[in-house]
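Remarks on the structure that follows.
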Amino acid sequence: MSISVTSVVDGLEVQGAPGGWLHSVNPARTAEVVADVALGDAGTFVAAARAARTAQPSWADVPAPIRGRAIAHIGRLVEANAERLARLVTKEIGKPYAEALGEVREIVDTCDFFLGEGRRLYGQTVPSEMPDKQLFTFRNPVGVVGVVTAGNFPVAVPSWYLVPALLCGNTVIWKPAEYSSASARALFDLLTRGGGLPAGVLNLVLADGEQTFAGLEQALAGGCLDKIGFTGSSAVGARIGELAGRHLQSPCLELGGKNPMVITPSADIDLAVSAALFSGFGTAGQRCTSLGTVIVHEDIAEDFTLRLDKAVRNAPVGDPFADVVYGPMLNKRFADRFEEYLTWIKPHHRLLGSDGTGLITAQNPRPGFVGDPRAGLFYHPVVAAGVREDDALFRQETFGPIVGLTTYRDLDEAIRLANVPGYGLSSSIYTRDPADAFRFRRGISAGMVSVNNSTSGAEAHLPFGGNAKSGNGSRQSGIWVLDQFTRWQSMNWDYSGTLQKAQMDISELTPDESFRLPD
Ligand code: UN1
């Protein structure tokens, strides 16, 4: 039986569906509706921003350690509901249950980190150049934050924004992906109830992309939005960056990736193969950190390719509640887009990893498929060997179970190839040579570098984010995200009883410049 899901503004469920109704469908069983979603519109977003504006000063007045306690309670409530939330995530977006449990764990990790930050949120005391004067810094909340998130991590990635934003004393409007509305509403309820959040502190707006964009525009023009956080495609990120820029704001952007994995001759090949399998095909390749292209040294290319082909062929695909490497595409929209990426395959590509390409069906079967492929949006995995620099498959993000493979001769060439697509999110190198690892780290444009590890699977307390087409340099997670949700305020306090002028009324010690040591 499906549930009904609504937006929540100022503590109240929004009545009606000004943006229409949407069925959130189980992608592993498309006949099953998980939730009937009442969509809001631009007006809903603006109403939420106004409510957040009204609620913000008193939320900022709650002492930070008390806000930290709220985060602690949220973490506990999420933990107590972990299996329920993970099941809902698997049902709604088709992520294998083990991964969904990991995703829920990531929320708890984020809460564990930020509950203590409530007792830090350190400012500094800084010496002055003048006597009887003291300098200080304080972190102030930014104000009202609008968070727009994707559905591939329907609860973990939102928590990277929501938890620190709230901890820092901001109020929030959260607009999740429509197709993961039930998971979003579940997380929203855990946050508001677990945290005992007053009405208006956290608001949930379910709306489509265009209505959301119009809502952001109107809220910015109306002066009730101070910051945007966005996780999604590079194209939409550019539009959001442009809009925010017109209001002299710098958004927090976490965008796409074409994440390379370089395999050097000294690599442990079996280890590299298992990482390429997980990076490329875990979450059906629908992570922003998923592997884009394997760049393998030509001396080991044949051996590596044979082993990768075998591993991908043997990988169980299917029912996400079973033990599979991956399940369905997140949603029909992503399946359709993936079909388009498959048209980028060219005659010079050698396809490995499966007997077919495209939708897995009775006529286009995959041996060992787990469950009934006709029930959902399941796709064959593809390894496209022989990708070239000017191929779309090499240059563009292809959100789905497809990985390119090419070869290189020396490490400089590998690094150059890895940077060609112009993204810069995650990257990986397999090597036993520390010099290779450090040369790669220095040369790669990515914000995140793995050595002998997958391109995906970042831990929740290291800076997460990218450069160029992957983002505007903002970083999430750990202490680094505090700079997104607070603004530094500096204070100077002169208690000398005189007007001491900086740079002018300063004393200087006199050096003896002619002093020399004896010969
Ligand atoms: C994303 O796909 O937007 O590092 C985030 C990872 C996950 C987060 C991915 N922890 O793969």
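The values are calculated or read from the model by the stated rules, or taken from the named source; none is laboratory data. Keep in mind it's a predicted model, so treat the numbers as computed, not measured. All Cβ positions, even for glycine, are placed from backbone atoms using ideal geometry, and neighbour counts span all protein chains on display. Ligands, DNA and RNA are excluded from the accessible area calculation, which covers all protein heavy atoms including side chains. Shrake-Rupley method; radii C 1.70, N 1.55, O 1.52, S 1.80 Å.
Could you compute Rg(Cα) / (2.2 N^0.38 Å) for the stretch 37-196, with N its residue count? It would help to have the intermediate numbers written out before the result.
Details: Rg = 17.9 Å, N = 160, 2.2 N^0.38 = 15.1 Å.
So the stretch 37-196 has a normalised radius of gyration of 1.18.
In the neighborhood of Val8, defined by Cβ-to-Cβ distances under 13 Å, what is the net charge if each Lys or Arg adds +1 and each Asp or Glu adds -1?
Values: positive: Lys175, Arg185, Arg193; negative: Asp10, Glu13, Asp189.
Once all neighbours under 13 Å are counted, the net charge is 0.
Relative to the longest principal Cα axis of the chain, at what angle does helix 209-221 sit, 0 to 90 degrees, rounded to 10?
Taking the Cα atoms of the chain, the angle to 209-221 is about 10 degrees.
Going 7 Å from the Cα of Ala98 toward and past its Cβ, which residues in the stretch 272-288 have a backbone nitrogen under 14 Å from where you end up?
So the set is 274-275, 277-279, 281-284.
Rounded to the nearest 10 Å², what accessible area does Leu462 show when all protein chains are kept and the probe is 1.4 Å?
Leu462 exposes around 110 Å² with every protein chain in place.
Tell me what the chain gives for mean residue ellipticity at 222 nm when only DSSP H runs of n ≥ 4 count, each as -39,500 (n - 2.57), the sum divided by the residue total, rounded to 500 deg cm²/dmol. Working shown, then result.
Working: 15 runs with 188 residues, N = 519.
About -11500 deg cm²/dmol.
Quick one: Cα centre-to-centre distance for the stretch 314-337 and the stretch 161-186, in angstrom?
Value for the Cα centre distance between the two parts: 26 Å.
By its C-alpha gyration tensor, with a ≥ b ≥ c as the square roots of the eigenvalues, how is the stretch 291-345 shaped: rounded for a/c under 1.5, else prolate for a/b larger than b/c, else oblate?
Details: a/c = 3.26, a/b = 1.44, b/c = 2.25.
Oblate, since a/c reaches 1.5 and b/c is not below a/b.
For the stretch 2-74, restrict the atom set to alpha-carbon positions and state the Rg and Dmax in Å.
16.8, 49
By how many degrees, between 0 and 90 and to the nearest 10, does the Cα long axis of helix 434-443 differ from the longest principal axis of the chain?
70
Looking at the square roots a ≥ b ≥ c of the eigenvalues of the Cα gyration tensor of the stretch 263-374, which shape do they give, rounded for a/c under 1.5, prolate if a/b is larger than b/c, or oblate?
The shape class here is prolate.
Using Cα centres only, tell me the gap between the stretch 244-262 and the stretch 40-63 in whole Å.
Between the Cα centres of the stretch 244-262 and the stretch 40-63 lies a distance of 25 Å.
Once the Cα atoms of helix 97-117 and of the chain are each reduced to a long axis, what angle between those two axes, in degrees from 0 to 90 to the nearest 10, is obtained?
That helix lies at roughly 10 degrees to the long axis.
Using a Debye calculation, one point per C-alpha and no hydration shell, please list log10 I(q)/I(0) for the stretch 374-468 at q = 0.14 Å⁻¹ in order.
With no solvent term, the Cα-only Debye profile gives -0.59.
Once you have all Cα-Cα distances for the chain, histogram them in 20 Å bins from zero and send the whole-percent values.
Each 20 Å bin holds this share of Cα pairs: 22, 50, 23, 5, 1.
Shape of the stretch 35-125 from its Cα gyration tensor (a ≥ b ≥ c, root eigenvalues): rounded if a/c is under 1.5, otherwise prolate when a/b > b/c, or oblate? Present the calculation step by step, with values, prior to reporting the outcome.
Working: a/c = 2.86, a/b = 1.21, b/c = 2.36.
Judged from the Cα gyration tensor, the stretch 35-125 comes out oblate (a/c at least 1.5, b/c at or above a/b).
Identify all lysines with a Cα-Cα distance to Lys346 below 21 Å; exclude those on the same chain that are fewer than 8 residues away in sequence.
Correct list for Lys346: Lys258.
Relative contact order for the stretch 365-513: what is it in percent, counting Cα pairs under 8 Å that are at least 6 residues apart?
Working: 155 pairs, mean separation 21.4, N = 149.
The normalised contact order for the stretch 365-513 reaches 14 percent.
State to the nearest 20 debye the size of the charge dipole of the stretch 1-159 about its Cα centre, where the only charges are +1 on K and R beta carbons and -1 on D and E beta carbons. Present the calculation step by step, with values, prior to reporting the outcome.
Numbers: 15 positive and 17 negative charges, 43 e Å.
Roughly 200 debye for the stretch 1-159.
Quick one: of the DSSP bridges fully inside the chain, what percent are antiparallel, nearest 5?
Details: 25 of 66 bridges.
Restricted to the chain, the bridges split so that about 40 percent are antiparallel.
Roughly how large, in nm² to one decimal, is the mean projection of the convex hull of the alpha-carbon atoms in the stretch 392-433? Write out the running numbers ahead of the final one.
Numbers: hull surface 14.8 nm².
Hull-based average projected area comes out at 3.7 nm².
Name the longest site-free stretch of the chain, where the excluded sites are GluC sites (Glu not before Pro) in a DSSP loop with no more than 13 other beta-carbon atoms within 10 Å.
Working: sites that count: Glu129, Glu298, Glu389, Glu459, Glu508, Glu513.
Longest site-free region, per DSSP loop and neighbour criteria: 130-297.
Under a point-charge model restricted to the Cβ atoms of Lys and Arg (+1) and Asp and Glu (-1), what is the dipole moment magnitude of the stretch 347-450 relative to its Cα centre, in debye to the nearest 20? Walk me through the intermediate numbers first.
Numbers: 11 positive and 11 negative charges, 26 e Å.
The dipole of the stretch 347-450 has a size of about 120 debye.
Kirkwood hydrodynamic radius (Cα pairs, Å) of the stretch 175-251?
Working: mean 1/r = 0.0727 Å⁻¹.
Kirkwood hydrodynamic radius for the stretch 175-251: 13.8 Å.
Determine the sum of side-chain charges near Gly194: Lys and Arg each +1, Asp and Glu each -1, restricted to other residues whose C-beta is under 15 angstrom from that of Gly194.
Working: positive: Arg67, Arg69, Arg76, Arg84, Arg185, Arg193; negative: Glu79, Asp112, Asp189.
Every neighbour counted, the sum reads +3.
Holding the Cα-Cα limit at 30 Å, pick out from Lys310/Lys469; Lys133/Lys227; Lys91/Lys175 the pairs that are longer than that. Write out the running numbers ahead of the final one.
On the way: Lys310/Lys469 33 Å; Lys133/Lys227 34 Å; Lys91/Lys175 20 Å.
Pairs exceeding the cut-off: Lys310/Lys469; Lys133/Lys227.
Could you work out, for the stretch 194-337, what percent of all Cα-Cα pairs fall into each 10 Å distance bin, beginning at 0 Å and stopping at the bin that holds the largest distance?
Percent of Cα pairs in each bin: 9, 27, 24, 21, 14, 5, 0.
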